[in-house]
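Participant: One structure is given below, represented as structure tokens, and several questions about it will come after.
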There are 2 protein chains.
Amino acid sequence: MDIVEISKVLANKTRVNILKWLKNPEANFPPHQDIDHFDDGVCVGFIQDKTGLSQSTISTYLNSMQNANLVIPTRHGKWTYYRRNEDVIKAYVEALKTDL
Amino acid sequence: MDIVEISKVLANKTRVNILKWLKNPEANFPPHQDIDHFDDGVCVGFIQDKTGLSQSTISTYLNSMQNANLVIPTRHGKWTYYRRNEDVIKAYVEALKTDL
DNA sequence: TAATCATATCTATTTATTTAGATATATAAA
DNA sequence: TTTATATATCTAAATAAATAGATATGATTA
């Protein structure tokens, strides 16, 4: 549980927003074409559309969030879905509460 | 409660260490010359010595931490003491728990 | 298998952060 | 009232982060 590495991810409004949106994909994203649930998260394109930033920037952001273990990717055909890693998010908040 | 601004402060090992050290000044710093308690925190020089970074860097760090309301400065003669702002730290962790 | 689509990576530019030396300020001491 | 001490601010250099265009990869489709 690296507080500094996770804090670096959270030190950016867009990345914090992505995490918040992924809490409730039904409310924040349109339905996917091939599946009727968000069990594995949301595809990169939807996240990109919502932020208005470039595809490469969002891919970089999601990669950094994945490196910090804050999100989990799952490949579905040509799409990559990202969902929150609730265990790590919870553990981070707990670590702040005790260590900070 | 600005999650991004506070996360920027926590995105640096030295600044996180300073906050941790200030939790227990008795254990982490020598006694002050003029007073025999740490009620108003720890003087800048002691914090600088412990980090090994330059005086101006530590002053900048403490300033950024103060801007984020994470620490509170108090002037005692020619020394400035810094202590944790427990209310804001607690509120930040709570905000993460609910918003993030 | 050629074309297409979604995503990742590479490269480059702009902007922000880190860090320290030099200087300024504010207080205390001689 | 000069001198010393503690801290803050200014300036500048080095490093890192943000961002996007171009290109590559991997999967589907024609």
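Coordinate-derived values only; no laboratory data. This is a predicted model, so every value here is computed, not measured. Note: ideal-geometry Cβ built from the backbone for every residue, glycine included; neighbour counts use all protein chains shown.
Participant: Tally the residues that are surrounded by 12 or more Cβ atoms within 10 Å (Cβ to Cβ) and either farther than 16 Å from A:Asp99 by Cα or more than 14 Å from chain A (Cβ to nearest Cβ) (or both), restricting the search to the range B:81-100.
Facilitator: Qualifying residue count, the range B:81-100: 6.
Participant: Oh, and also: Cβ contacts < 7 Å: first residue of a type in the set (Phe, Trp, Tyr), restricted to the range B:1-23; second residue assigned to a helix (DSSP H, G or I) and within 14 Å of DNA strand D (Cβ to nearest atom), any location; separation 6+ or different chain. Result?
Facilitator: B:Trp21/B:Lys50
Participant: Please indicate, with yes or no, whether at least one residue in the range A:52-60 is within 16 Å of DNA strand D (Cβ to nearest atom) and within 9 Å of the chain's Cα centre (by Cα).
Facilitator: The answer is no; no qualifying residue exists.
Participant: Looking only at the range A:49-70, how many residues end up being more than 10 Å from DNA strand C (Cβ to nearest atom) and not polar (S, T, N, Q)?
Facilitator: Adding up the residues that qualify gives 6.
Participant: I'm trying to understand the selection: among the residues of the range B:71-100, which are more than 14 Å from DNA strand D (Cβ to nearest atom) and closer than 16 Å to B:Val16 by Cα?
Facilitator: Answer for the range B:71-100, where residues must be more than 14 Å from DNA strand D (Cβ to nearest atom) and closer than 16 Å to B:Val16 by Cα: B:Arg84, B:Asn85, B:Glu86, B:Val88, B:Ile89, B:Lys90, B:Tyr92, B:Val93.
Participant: Residue check, B:Thr14 against (1) surrounded by fewer than 18 Cβ atoms within 10 Å (Cβ to Cβ); (2) away from DNA strand D (no atom under 14 Å from the Cβ); (3) under 23 Å from A:Ala95 (Cα atoms), all met but one. Which one?
Facilitator: All conditions are met except number (2).
Participant: To continue, here is another question. If you take the residues of the range A:24-48 that are without any contact (Cβ under 8 Å) to a residue 40 or more places away in the chain and near DNA strand C (Cβ under 9 Å from one of its atoms), which of them is farthest from the chain's Cα centre (by Cα)?
Facilitator: Per the criteria, the residue is A:Gln33.
Participant: For B:Asp87, indicate whether it is more than 17 Å from B:Thr14 (Cα to Cα), part of a helix (DSSP H, G or I), without any contact (Cβ under 8 Å) to a residue 12 or more places away in the chain and not aliphatic (A, V, I, L, M). Break it down stepwise before answering.
Facilitator: Details: more than 17 Å from B:Thr14 (Cα to Cα): yes; part of a helix (DSSP H, G or I): yes; without any contact (Cβ under 8 Å) to a residue 12 or more places away in the chain: yes; not aliphatic (A, V, I, L, M): yes.
So B:Asp87 passes the test.
Participant: Restricting attention to the range B:17-31, which residues are surrounded by fewer than 16 Cβ atoms within 10 Å (Cβ to Cβ), over 19 Å from A:Met1 (Cα atoms) and not charged (D, E, K, R)? Full working, then the answer.
Facilitator: Of the residues in the range B:17-31, the ones surrounded by fewer than 16 Cβ atoms within 10 Å (Cβ to Cβ) are B:17, B:20, B:23-24, B:26-27, B:30-31.
Next cut, over 19 Å from A:Met1 (Cα atoms) only: B:23-24, B:26-27, B:30-31.
If the condition is that a residue be surrounded by fewer than 16 Cβ atoms within 10 Å (Cβ to Cβ), over 19 Å from A:Met1 (Cα atoms) and not charged (D, E, K, R), then B:Asn24, B:Ala27, B:Pro30, B:Pro31 are the ones that fit.
Participant: I need a count of the residues in the range A:1-30 that are within 10 Å of chain B (Cβ to nearest Cβ) and aromatic (Phe, Trp, Tyr).
Facilitator: Matching residues across the range A:1-30 total 0.
Participant: Taking the criterion of being of a type in the set (Val, Ile, Thr), within 14 Å of chain B (Cβ to nearest Cβ) and touching a residue at least 12 places away in the same chain (Cβ under 8 Å), would at least one residue in the range A:62-80 satisfy it?
Facilitator: So the first thing to find is which residues in the range A:62-80 are of a type in the set (Val, Ile, Thr), and the list is A:71-72, A:74, A:80.
Filter again for within 14 Å of chain B (Cβ to nearest Cβ), leaving A:71.
Narrowing further to those that are touching a residue at least 12 places away in the same chain (Cβ under 8 Å): A:71.
Yes, that holds for at least one residue.
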